[in-house]
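Novice: Sharing a structure here in structure tokens format.
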Amino acid sequence: MSPLELDHSTGVATGDPMLPDWYTVERVRRENHDTFTLELRARDGETHFAFLPGQFNMLYVFGVGEAPISISGNPAATDRVVHTTRAVGTVTRAMWRFKRGDAIGVRGPFGTHWPVEQAEGRDLVLVTGGIGLAPLRPVIYHVLAHRQAYGRVVLLYGARTPDDLLYDEELLFPPQPLSIDVDVTVDRAVAGWRGRIGVVTSLISRAPIHPDNAVAMLCGPEVMMRFAVQALMTRGVPVDRIYVSLERNMKCGVGFCGHCQYGPAFICRDGPVFRFDAIERFFGVREI
Amino acid sequence: MAKGSGKKGSAMRGIGPFGRPSRVIPKESLRNLLEVLRLRGYTLIGPTVRDQAIVYDEISSPQELPIGWTDRQGPGTYRLERREDDAFFGFVVGPQSWKKFFFPPAQRLFQISRDGKEIHTTPDPVQTRKRALIGVRPCELRALAIQDRVFTGGAYVDGSYRRLREDVFILAVNCGEPAATCFCASLDTGPQVTDGFDLAITEVIEGTRHEFIVHVGSELGARVLEAVPSREATDADSATEREIVQRATRRMSRALERSQLKELLYRNYESPRWDQVAARCLSCANCTMVCPTCFCSTVEDVTDLSGDHAERRRLWDSCFTMDFSYIVGGSVRASTRARYRHWLTHKLATWQDQFGVIGCVGCGRCITWCPVGIDLTEEVAALRGRESPDGGSGAIQENHHDRTES
């Protein structure tokens with residue numbers, strides 16, 4: 001049972017925010033050569049972990065350290081905590097070696113969330129690059145569970161190569177046809193790839209949405225998001241209906257350590273999800 | 001903790017902000033005052049001389065205060081010198097600030113032990129005790145109020161900070177002699193305290209006269225003062241005090257122009273001035289370590305050799321380090337230009353959006369303790385100068401020198 005209880009009205013977890021709670025690794029799934037998904041359950045008692053799509057946890061490996069990782073599970077499934085991440089740093093490489101039954105510290109959930117409720121009644125376009133798909137996966141779960149609440153829903157997803165693609169069994173080759181459009185592209189193809197080649201932003205111009213009634217959610221490298229915003233605005237999506245998720249170094253997750261500052265924002269607290277016009281003036285500043 | 005009424009400047013009319021008349025005690029009574037605090041269970045913490053600097057540490061009597069010492073400060077220089085009198089508070093601020101008592105430079109947060117499948121997390125207890133801070137300058141009082149907002153004013157509260165701030169008695173000291181690096185008057189953070197103290201004193205030394213004018217800022221302060229022989233302050237005392245504080249304002253040679261400060265910095269992310277200052281800045285982090293409001297920290301996770309015991313420590317950190325902004329792929333602020341820009345913009349602009357106040361109190365420590373003497377008031381003036389119609393940065397160089405001894 002997490003010491004942090006989510007206040008649904010504010011999305012803020014309460015309790016001692018600095019103390020990790022202990023979970024057990026129930027399942028480790030290798031998604032590709034460097035990306036994996038962890039499924040966690042509370043170490044003591046029943047798991048009850050509520051979060052909002054787009055929020056993140058601070059995950060702690062015993063004696064190694066802590067890293068902010070977005071939550072990638074189904075927001076309706078509160079009996080487990082699911083994270084997909086890449087093994088690229090000290091902490092995530094230690095997680096890559098996790099086996100069923102290992103212990104992991106969890107603090108969270110922290111941060112702002114995607115506007116899934118405000119987006120009801122509208123078309124939805126999700127633009128993701130690489131591991132940026134992971135923080136948007138809870139949105140896809142939510143949409144599929146409330147499909148009638150939305151208009152056209154389009155997932156545009158770019159990966160470096162076909163070997164880097166995530167969740168391919170669910171999204172690319174689902175057992176049943178999905179009720180959303182999925183358009184995938186890779187930077188570099190390999191033998192046998194019959195899909196698109198090119199950057200994900202090039203898919204925006206032909207995405208089957210009504211721009212004047214669409215909400216866009218973007219997650220990926222900043223340069224990708226910059227071009228995606230331009231392409232969306234060219235299509236006529238209003239700037240106040242474009243949302244981005246940003247990443248910075250984080251040590252505390254609750255606005256004390258100062259590491260995640262982005263202009264006046266603390267990404268851990270005021271983000272990671274921002275309405276684009278709120279941070280637009282800082283978005284083009286190098287080394288902000 | 002003292003809660004002042006915030007009636008600004010009322011102390012000057014001989015009435016303390018708590019609505020009580022000011023009192024006067026002879027210098028000998030400072031000992032009694034501190035003794036009363038000790039008897040009430042307070043550990044006394046005050047300025048004392050160590051390693052050729054004035055530091056804050058536990059003291060047992062006024063004799064341990066830096067009696068007869070003053071500090072000569074300038075960009076990149078700090079020297080203690082003998083005074084001609086026996087002033088108890090004849091110096092300004094040293095390299096340390098009071099924040100180290102509430103936001104410790106190194107602090108263990110918790111320990112974890114692993115025994116087979118069992119894992120135990122033990123948060124470190126916060127050691128609290130009643131503490132009396134002796135000789136808190138107006139700028140530092142403001143810095144404490146700013147850190148209170150940072151650590152206890154938001155949706156999350158830093159439990160350790162909040163506990164350490166409980167049971168603190170504040171004896172503030174008004175300033176009579178600024179250092180050459182001070183600029184509190186331009187920020188309205190000094191040289192006289194207005195609220196947030198239990199007792200506030202002004203040291204008066206005139207010929208053979210050596211007394212303290214005392215203002216009461218809280219009920220607790222009133223009770224402490226009652227136990228010490230004192231007399232009511234006269235109009236002449238109030239006039240003397242007014243003169244002392246006004247002299248401090250007049251002698252302040254630096255200023256930070258506050259108007260449109262936030263907008264100025266937000267407009268100037270791409271100013272060439274950042275390259276100019278980056279060419280001098282060593283990115284050494286001294287300014288952030290001496291700053292009484294800087295609050296950034298990092299954590300360190302360690303294990304013992306058995307691997308079954310781990311702990312996490314929180315340590316002061318600085319936005320001037322390369323690691324500070326590290327994410328996969330490299331540091332976001334790799335250049336010194338970006339790091340200085342971040343620090344100054346945070347302190348003066350984004351801080352206002354985050355906490356509703358400027359993050360600078362005009363204490364001048366970052367100027368004094370910068371090894372190459374970078375002066376934030378000069379950097380701000382240079383940014384303004386580049387925007388002025390004549391455009392040159394030469395004209396603004398005179399800016400603060402014009403203000404000396406007006």
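Novice: Which one of the conditions (1) under 24 Å from residue B:74 (Cα atoms); (2) within 14 Å of chain A (Cβ to nearest Cβ) does residue B:273 fail to meet, given that it meets all the rest?
Specialist: (2)
Novice: Are any residues in region B:337-373 more than 7 Å from chain A (Cβ to nearest Cβ) and of a type in the set (D, E, K, R), and if so, which ones? Walk me through how you get there before you give the answer.
Specialist: Start the filter on region B:337-373 by keeping residues that are more than 7 Å from chain A (Cβ to nearest Cβ), which leaves B:337, B:339-345, B:347-349, B:351-352, B:355-373.
B:337, B:339, B:341, B:347, B:365, listed by residue number.
Novice: If you don't mind, there's one more thing I want to ask. Surrounded by 15 or more Cβ atoms within 10 Å (Cβ to Cβ), among the aliphatic types (A, V, I, L, M) and within 14 Å of another protein chain (Cβ to nearest Cβ): is that true of residue A:204 in this structure? Can you show your working first?
Specialist: Numbers: surrounded by 15 or more Cβ atoms within 10 Å (Cβ to Cβ): yes; among the aliphatic types (A, V, I, L, M): yes; within 14 Å of another protein chain (Cβ to nearest Cβ): no.
No.
Novice: Given the options A:192, A:198, A:236, name the one that is surrounded by fewer than 24 Cβ atoms within 10 Å (Cβ to Cβ), of a type in the set (Gly, Ala, Ser), under 21 Å from residue A:119 (Cα atoms) and more than 14 Å from chain B (Cβ to nearest Cβ).
Specialist: On the way: A:192 fails: under 21 Å from residue A:119 (Cα atoms); A:198 fails: under 21 Å from residue A:119 (Cα atoms).
That would be A:236, the only listed residue that is surrounded by fewer than 24 Cβ atoms within 10 Å (Cβ to Cβ), of a type in the set (Gly, Ala, Ser), under 21 Å from residue A:119 (Cα atoms) and more than 14 Å from chain B (Cβ to nearest Cβ).
Novice: Name the residues in region A:19-72 that are among the hydroxyl-bearing types (Ser, Thr, Tyr), at the interface with another protein chain (Cβ under 10 Å from one of its Cβ atoms) and crowded, with 19+ Cβ neighbours inside 10 Å, would you? Step through it out loud before you land on a result.
Specialist: Residues of region A:19-72 among the hydroxyl-bearing types (Ser, Thr, Tyr): A:23-24, A:35, A:37, A:47, A:60, A:70, A:72.
With at the interface with another protein chain (Cβ under 10 Å from one of its Cβ atoms) added as a condition, the list becomes A:24, A:60.
Once the filter is applied, which keeps residues that are among the hydroxyl-bearing types (Ser, Thr, Tyr), at the interface with another protein chain (Cβ under 10 Å from one of its Cβ atoms) and crowded, with 19+ Cβ neighbours inside 10 Å, region A:19-72 yields only A:60.
Novice: Same structure, new question: Residue A:281 - would you say it is in a helix (DSSP H, G or I), more than 26 Å from residue A:146 (Cβ to Cβ), away from chain B (no Cβ under 12 Å) and open to solvent by 10 Å² or more (accessible area, probe 1.4 Å)?
Specialist: Details: in a helix (DSSP H, G or I): yes; more than 26 Å from residue A:146 (Cβ to Cβ): yes; away from chain B (no Cβ under 12 Å): no; open to solvent by 10 Å² or more (accessible area, probe 1.4 Å): yes.
The answer is no for residue A:281.
Novice: Which condition number does residue B:334 fail, the rest of (1) more than 10 Å from every other protein chain (Cβ to nearest Cβ); (2) open to solvent by 20 Å² or more (accessible area, probe 1.4 Å); (3) more than 30 Å from residue A:22 (Cβ to Cβ) being met?
Specialist: (1)
Novice: Kindly evaluate residue B:250 against the criterion of being of a type outside the set (Phe, Trp, Tyr), more than 14 Å from every other protein chain (Cβ to nearest Cβ) and open to solvent by 60 Å² or more (accessible area, probe 1.4 Å). Quick ask: steps written out before the conclusion?
Specialist: Working: of a type outside the set (Phe, Trp, Tyr): yes; more than 14 Å from every other protein chain (Cβ to nearest Cβ): yes; open to solvent by 60 Å² or more (accessible area, probe 1.4 Å): yes.
The answer is yes for residue B:250.
Novice: Just one of the numbered conditions (1) among the acidic types (Asp, Glu); (2) open to solvent by 20 Å² or more (accessible area, probe 1.4 Å); (3) touching a residue at least 24 places away in the same chain (Cβ under 8 Å); (4) closer than 15 Å to residue A:217 by Cβ is not true of residue A:117; which one?
Specialist: (3)
Table: residues versus (1) touching a strand residue (DSSP E or B) at 6+ places or on another chain (Cβ under 6 Å); (2) under 19 Å from residue A:38 (Cβ atoms).
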residue: A:140; (1), (2): no, yes
residue: A:151; (1), (2): yes, no
residue: A:163; (1), (2): no, no
residue: A:185; (1), (2): yes, no
residue: A:189; (1), (2): yes, no
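Novice: Looking at region B:32-85, which of the residues that are acidic (Asp, Glu) and farther than 19 Å from residue B:214 by Cα is most open to solvent (accessible area, probe 1.4 Å)?
Specialist: If we filter region B:32-85 for residues that are acidic (Asp, Glu), which is where we start, we get B:35, B:51, B:57-58, B:64, B:71, B:81, B:84-85.
Filter again for farther than 19 Å from residue B:214 by Cα, leaving B:51, B:57-58, B:64, B:71, B:81, B:84-85.
Details: B:51: 132, B:57: 57, B:58: 102, B:64: 70, B:71: 13, B:81: 64, B:84: 194, B:85: 42 Å².
That would be B:84.
Novice: Provide a single number: the residues in region B:126-160 that are open to solvent by 70 Å² or more (accessible area, probe 1.4 Å) and farther than 26 Å from residue B:60 by Cβ.
Specialist: Of the residues in region B:126-160, 3 are open to solvent by 70 Å² or more (accessible area, probe 1.4 Å) and farther than 26 Å from residue B:60 by Cβ.
Novice: So residue A:137 fits all but one of (1) surrounded by 23 or more Cβ atoms within 10 Å (Cβ to Cβ); (2) in contact with an Asp or Glu (Cβ under 9 Å, 6 or more places away or on another chain); (3) free of Cβ contacts under 8 Å to residues at least 60 places away in the same chain; what number is the exception?
Specialist: Failed condition: (3).
Novice: Here is a check on your reading of the model: is residue B:255 on the phi < 0 side of the Ramachandran plot and part of a helix (DSSP H, G or I)? It would help to see each step written out before you state the result.
Specialist: Values: on the phi < 0 side of the Ramachandran plot: yes; part of a helix (DSSP H, G or I): no.
It is false that residue B:255 is on the phi < 0 side of the Ramachandran plot and part of a helix (DSSP H, G or I).
Novice: Something else now. Is it the case, given these coordinates, that residue B:293 is part of a loop (DSSP other than H, G, I, E, B), more than 10 Å from chain A (Cβ to nearest Cβ) and open to solvent by 30 Å² or more (accessible area, probe 1.4 Å)? Let's see the steps before the verdict.
Specialist: Values: part of a loop (DSSP other than H, G, I, E, B): yes; more than 10 Å from chain A (Cβ to nearest Cβ): yes; open to solvent by 30 Å² or more (accessible area, probe 1.4 Å): no.
It is false that residue B:293 is part of a loop (DSSP other than H, G, I, E, B), more than 10 Å from chain A (Cβ to nearest Cβ) and open to solvent by 30 Å² or more (accessible area, probe 1.4 Å).
Novice: Among the residues of region A:244-278, what is the count of those that are part of a loop (DSSP other than H, G, I, E, B) and at the interface with another protein chain (Cβ under 7 Å from one of its Cβ atoms)? Show your work before the answer.
Specialist: Looking only at region A:244-278, we keep the residues that are part of a loop (DSSP other than H, G, I, E, B), and these are A:246-260, A:263-264, A:271-272.
Retained after the next criterion (residues that are at the interface with another protein chain (Cβ under 7 Å from one of its Cβ atoms)): A:247-249, A:251, A:254-259, A:263-264.
Adding up the residues that qualify gives 12.
Novice: Taking the criterion of being under 20 Å from residue A:77 (Cβ atoms), part of a helix (DSSP H, G or I) and modelled with pLDDT of 95 or more, would at least one residue in region A:155-170 satisfy it?
Specialist: Checked against the condition, which is being under 20 Å from residue A:77 (Cβ atoms), part of a helix (DSSP H, G or I) and modelled with pLDDT of 95 or more, region A:155-170 yields no hits at all.
Novice: Restricting attention to region B:237-246, does a residue exist that is open to solvent by 10 Å² or more (accessible area, probe 1.4 Å), in the same structural domain as residue B:42 (by TED's automatic domain parsing) and under 14 Å from the mean Cα position of the chain (by Cα)?
Specialist: No, region B:237-246 contains no residue that is open to solvent by 10 Å² or more (accessible area, probe 1.4 Å), in the same structural domain as residue B:42 (by TED's automatic domain parsing) and under 14 Å from the mean Cα position of the chain (by Cα).
Novice: Take residue A:142 and decide whether it is open to solvent by 70 Å² or more (accessible area, probe 1.4 Å) and modelled with pLDDT of 95 or more. Break it down into steps so the answer makes sense when it comes.
Specialist: Working: open to solvent by 70 Å² or more (accessible area, probe 1.4 Å): no; modelled with pLDDT of 95 or more: yes.
In short, no.
Novice: Has region A:223-231 got at least one residue that is within 14 Å of chain B (Cβ to nearest Cβ) and under 25 Å from residue A:67 (Cα atoms)?
Specialist: Scanning region A:223-231 turns up at least one residue that is within 14 Å of chain B (Cβ to nearest Cβ) and under 25 Å from residue A:67 (Cα atoms).
Novice: Sticking with this structure for a sec: Can you say whether residue A:286 is touching a Cys at 6+ places or on another chain (Cβ under 8 Å), surrounded by fewer than 24 Cβ atoms within 10 Å (Cβ to Cβ) and either among the basic types (Lys, Arg) or in the same structural domain as residue A:65 (by TED's automatic domain parsing) (or both), as far as the supplied structure shows? Step through it out loud before you land on a result.
Specialist: On the way: touching a Cys at 6+ places or on another chain (Cβ under 8 Å): no; surrounded by fewer than 24 Cβ atoms within 10 Å (Cβ to Cβ): yes; either among the basic types (Lys, Arg) or in the same structural domain as residue A:65 (by TED's automatic domain parsing) (or both): yes.
Judged against the criteria, residue A:286 is not a match.
Novice: Would you check if residue B:328 is at pLDDT below 95, surrounded by fewer than 23 Cβ atoms within 10 Å (Cβ to Cβ) and hydrophobic (A, V, I, L, M, F, W, C)? Let's see the steps before the verdict.
Specialist: Working: at pLDDT below 95: yes; surrounded by fewer than 23 Cβ atoms within 10 Å (Cβ to Cβ): yes; hydrophobic (A, V, I, L, M, F, W, C): yes.
Spelling it out, residue B:328 is indeed at pLDDT below 95, surrounded by fewer than 23 Cβ atoms within 10 Å (Cβ to Cβ) and hydrophobic (A, V, I, L, M, F, W, C).
Novice: Let me ask something additional. Go through region B:296-325 and give me each residue that's surrounded by fewer than 16 Cβ atoms within 10 Å (Cβ to Cβ), assigned to a loop (DSSP other than H, G, I, E, B) and at the interface with chain A (Cβ under 8 Å from one of its Cβ atoms).
Specialist: B:307, the sole residue that qualifies.
The values are calculated or read from the model by the stated rules, or taken from the named source; none is laboratory data. From a predicted model like this one, the values you see are computed outputs, not experimental measurements. With ideal geometry, Cβ positions are generated from the backbone for all residues, glycine too; neighbour counts draw on all protein chains shown. For the accessible areas, the whole protein counts, side chains as well, though only heavy atoms, and no ligand, DNA or RNA atoms are used. Shrake-Rupley method; radii C 1.70, N 1.55, O 1.52, S 1.80 Å.
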